[in-house]
Amino acid sequence: REAALSDPDALPLSDEDMKRMKRTPQAKIIRRALKLSQEEFAAQFHIALGTLRDWEQNRSKPDTAASAYLKVIAAKPDMVRKALHGG
């Protein structure tokens, strides 16, 4: 711990740094938490596979609506599945 704190390139983020950073839902983390392949996640949640891959490989970022949708998937995946698939 002391070695890390003494390294000027590895200092912890301040509260001010954290406020400046924008938190975005990470599709890959959500998908992995649900134990789904990219194909399964895309199919279950009606997301184009290419779009999902772009998000996961940081070629693009989810827009505001997609970010909100990912938050809902993360919080209530079964409710989203039910709503989408009429269960």
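The values are calculated or read from the model by the stated rules, or taken from the named source; none is laboratory data. This one's a predicted model, so the numbers in the text were calculated from it and none came from an experiment. Here Cβ is always computed from backbone atoms with ideal geometry, including for glycine, and neighbour counts include all displayed protein chains. These accessible areas exclude ligands, DNA and RNA; they are computed on the full protein's heavy atoms, side chains included. Shrake-Rupley method; radii C 1.70, N 1.55, O 1.52, S 1.80 Å.
Say we join alpha carbon atoms closer than 10 Å with springs in a Gaussian network model of the chain; which of 34, 11, 52 then has the biggest fluctuation? So, out of 34, 11, 52, the one fluctuating most is 11.
If you count Lys pairs in the chain whose Cα atoms are under 21 Å apart, skipping same-chain pairs closer than 8 places in sequence, the total is 12. Rolled with a 1.4 Å probe across the full set of protein chains, the surface gives residue 56 an accessible area near 20 Å². Here, the chain has an Rg and a Dmax of 16.9, 56 Å when only alpha carbons are counted.
Here the extension length gained between residue 7 and residue 83 equals 22.4 nm, from 0.36 nm per residue of separation less the Cα-Cα distance.
Using the Cβ-Cβ distance between residue 67 and residue 15 with R0 set to 41 Å, the FRET efficiency works out to roughly 0.95.
Per residue, the chain exposes an accessible area of 78 Å² to a 1.4 Å probe, with every protein chain left in place. The translational diffusion coefficient of the stretch 38-87, from Stokes-Einstein at 4 °C and 1.567 mPa s with a Kirkwood hydrodynamic radius over alpha carbon pairs, comes to 115 µm²/s.
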